[in-house]
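Have a look at the structure below, then the notes.
The values are calculated or read from the model by the stated rules, or taken from the named source; none is laboratory data. The shown structure was predicted, so the numbers you read here are calculated from the model rather than taken from an experiment. Glycine gets a Cβ as well: all are built from the backbone with ideal geometry, and neighbour counts include every protein chain shown. With ligands, DNA and RNA removed, areas are computed over all heavy atoms of the protein, side chains included. Shrake-Rupley method; radii C 1.70, N 1.55, O 1.52, S 1.80 Å.
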Amino acid sequence: SSVSPNSGSSLGGTAVTITGTNFATGATVTFGGTAATNVVVSNSTTITATTPAHAAGAVTVTVTVNSQSGSLTSGFTYVAPPTVTSVSPSSGTTAGGTAVTITGTNFATGATVTFGTTAATNVVVTSSTTITATTPAGSAGAVTVTVTNPGALSGSLTSAYTYVVVPTVSGIAPSNGGTAGGTAVTITGTNFATGATVTFGGTAATNVVVSNS
C-alpha cells in the first residue's frame, strides 16, 4: 500500500519501509523488476529493504510471497543525484569571496553548495549542468565541493578546490630610490613563499630572494 520514503537516488542504497498486508517470512521485493537487498519481514504488514540501482523515474514495487505477488504502481521514484565534475577557478584565497562556476550534472533549483563543510553563498543554479557561487572562507589546502539538491541527494568532487594563502605587503625599506633602478630593498609582509615574484608599478624586480615567509 505504501513505500516510505517514496523516492531516492538512482544509485540505489535507500533504506525503505514497505507497508501492506499478508507479508510472510521469505518474501522478496523488487523495484521495477530489480531485486531489493536487505529484505526483512518485520511482521505481516511491514517490510524493510534497501533499494537497488535503477534508471531515474517511477517504478512498480512488488512483494512476492510463496509465488504470490502484490504490487504498487509508481510506488517509488528514482531520482538522478547531482554530480560535480569541475570547479573554475579551482583555487582562491582563504578569505573566501572567490566567484566560481561549478560544472556537473542533474543540478536542481534550490541546490546548496559546500566547500569542505562550509556553505557557499550567492548560489545560483543557471542550468542542470552549471552553478555559480561565491566561496566561503576556509583553511589553506584542498577541499571537497558538494552540491546537494532538494531532497538531500548530493554529489561531490574530492579536492575540487584549493584554498591558498594570499601574501600581504606591510613595508619596504628603503621606501625610495633612483629612477634608474638598482636600489636594494627589503620587503616585509606575510605569507611569502619560495618562487614569489615582485613588481614595482607593474615592472618586475630583479634578484628576488624569499628569505622567509
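If I take every Cα pair under 8 Å that is 6 or more residues apart in the stretch 102-213, average their sequence separation and divide by the length, what percent do I get for the relative contact order? Intermediate values should be presented prior to the final figure.
Values: 187 pairs, mean separation 19.6, N = 112.
That works out to 18 percent.
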Checklist outcome for this item: Ratio for the stretch 129-213, C-alpha Rg to 2.2 N^0.38 Å, reads 1.70
Checklist outcome for this item: Between V166 and A108, the FRET efficiency computed from the C-beta separation at R0 = 45 Å comes out, to the nearest 0.05, as 0.85
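Between V198 and S127, what FRET efficiency comes out of the Förster formula 1/(1 + (r/R0)^6) with R0 = 45 Å and r the beta carbon distance, rounded to 0.05?
So, using R0 = 45 Å, E works out to roughly 0.60.
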Checklist entry - With each pseudo-label sitting 7 Å past Cα toward Cβ, what's the V39-A140 distance in nm, one decimal? => result 5.6
Checklist entry - What part of the accessible area of the stretch 84-213, given as a whole %, is carbon or sulfur when the probe is 1.4 angstrom? => result 54
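Just subtract the alpha-carbon distance of S1 and A95 from 0.36 nm times their residue separation and send over the number in nm, one decimal.
Working: separation 94, 0.36 × 94 = 33.84 nm, distance 5.26 nm.
Computed gain between S1 and A95 is 28.6 nm.
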Checklist entry - What accessible area per residue, rounded to a whole number of Å², is obtained for the stretch 57-130 using a probe radius of 1.4 Å? => result 48
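Rounded to two decimals, what is Rg over Rh for the chain when you use alpha-carbon atoms and the Kirkwood radius?
1.31
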Item to check | Sites T188 and S86, calculated FRET efficiency, Cβ-Cβ separation with R0 41 Å, nearest 0.05 | outcome: 0.60
